[in-house]
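The values are calculated or read from the model by the stated rules, or taken from the named source; none is laboratory data. For clarity, every value in this text was computed on a predicted model and none was experimentally measured. FYI the Cβ positions are ideal-geometry reconstructions off the backbone, even for glycines, and counts take in every protein chain you see. Surface areas here come from the heavy atoms of the whole protein model, side chains and all, with no ligands, DNA or RNA. Shrake-Rupley method; radii C 1.70, N 1.55, O 1.52, S 1.80 Å.
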Amino acid sequence: MSSALISAAHPASIRTFVSALGNDSNTAVNCPRAKPCRTLAAAYTVTENGGEIIALDAADYGPITITKQLSIFGAHDAIIAVATGSAGVTINAPAGDRVIIRDFVISGAGATNTQGIQLNSGQLALLHATLKQLSIGSNVSNTKADVVNTDVIANGTGINTTGTGVDTNVFPLKGPTQVRIAWGNAIGNTNAYVMNNPGTGSAGNKITIFEFLTSNTDAAYSTNMTGNTTLVSGTGASCGGNNCQSLGYYSSYTNLN
């Protein structure tokens, strides 16, 4: 039977699985739990828009490019290893679509010129994950990402943003480029957070990277940030002087739109 006929017999599934013992030929039956795929990229081809890919055990599940709404759920020590000169996850989803990545280690160990996550369009929720030993942990361009309970460790640049941010003196707080960080760790990065061309607001530069505060009255960041050579920096005309050298912040009373 031809691959075209197999595909027609098995329309995409809402939920697919990958495993260290899986086989990418199982795309013929849509990578169910009993017959999982080996890589995320293969499982993706038979996962519906809005569906889920679930890792069953520890393994390197390879890179993936995402162009639709999708959730990827890892397992303990599930890894996306990033090869030299490449990205682990590339997201080119429609603007209104949210991509969820949970419980994955995205690692550039032993490689150079690497990006963990390249977010070009769509929105990202990165939960309980690790970005480590990458040239750039997460690169966010003109869109929004929420980074929750995630460890950003030993990267050249931990989180890098490009695009216009939020004028923190104009309410409601809104802007096309935002990375909102809550909890987790930023440890031992050369540059933990970098804002490129965030634009100029009513009282200085706009902000593209925000930390959640544990207190509504004190500047107590929820994320542990230590051992970074430079914590916050930026590039572009709006980053002159002392601009782009501090993070924005939000609390339970603040809704960043």
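Between ASN169 and THR230, with labels modelled 7 Å along Cα→Cβ, what's the label distance in nm to one decimal, could you check?
2.5 nm
Explain nothing, just the number: dipole magnitude of segment 1-112 about its Cα centre with +1 on each Lys and Arg Cβ and -1 on each Asp and Glu Cβ, in debye rounded to the nearest 20.
Using only the charged Cβ atoms, the result is roughly 180 debye.
Tell me the net charge near ALA95. Cut-off is 13 Å between Cβ atoms, ALA95 excluded, with +1 for each Lys or Arg and -1 for each Asp or Glu.
Computed value for this residue: +2.
Can you tell me the order of 159-169, 46-56 when each peptide is scored by its average per-residue count of other Cβ atoms within 10 angstrom, highest first?
In descending order of packing, they fall as 159-169, 46-56.
Consider a paramagnetic label point 7 Å from the Cα of ASN257 along Cα→Cβ; state which residues of segment 139-177 have an amide N under 13 Å from it.
So the set is 167, 170-176.
For segment 1-143, what is the relative contact order in percent, using Cα pairs closer than 8 Å and at least 6 residues apart in sequence?
Result for segment 1-143 is 17 percent.
Give me the percent of accessible area attributable to carbon and sulfur for the chain, probe 1.4 angstrom.
51 percent
Using label points projected 7 Å from each Cα along Cα→Cβ, tell me how many nm separate ALA111 and ALA95, to one decimal.
Label at ALA111, label at ALA95, 3.1 nm between them.
Taking the highest mean first, how do the peptides 13-19, 172-178 order by number of other beta carbon atoms within 10 angstrom per residue?
Top of the packing list down: 13-19, 172-178.
Under the rule of -39500 (n - 2.57) per DSSP H run of 4 or more residues, summed and divided by the residues of the chain, what mean residue ellipticity at 222 nm is obtained, to the nearest 500 deg cm²/dmol?
The per-residue figure over the chain is -1000 deg cm²/dmol.
Treating cross-link reach as a plain straight distance, find the lysines whose alpha-carbon is under 23 Å from the alpha-carbon of LYS68, omitting any fewer than eight places away in the same chain.
Leaving aside lysines fewer than 8 places away in the same chain, those within reach of LYS68 are LYS144.
Given the chain, what percent of its DSSP beta bridges are antiparallel, to the nearest 5?
5 percent
Distance in nm between label sites at THR65 and GLU48, each 7 Å beyond Cα in the beta-carbon direction?
So the label points at THR65 and GLU48 sit 2.5 nm apart.
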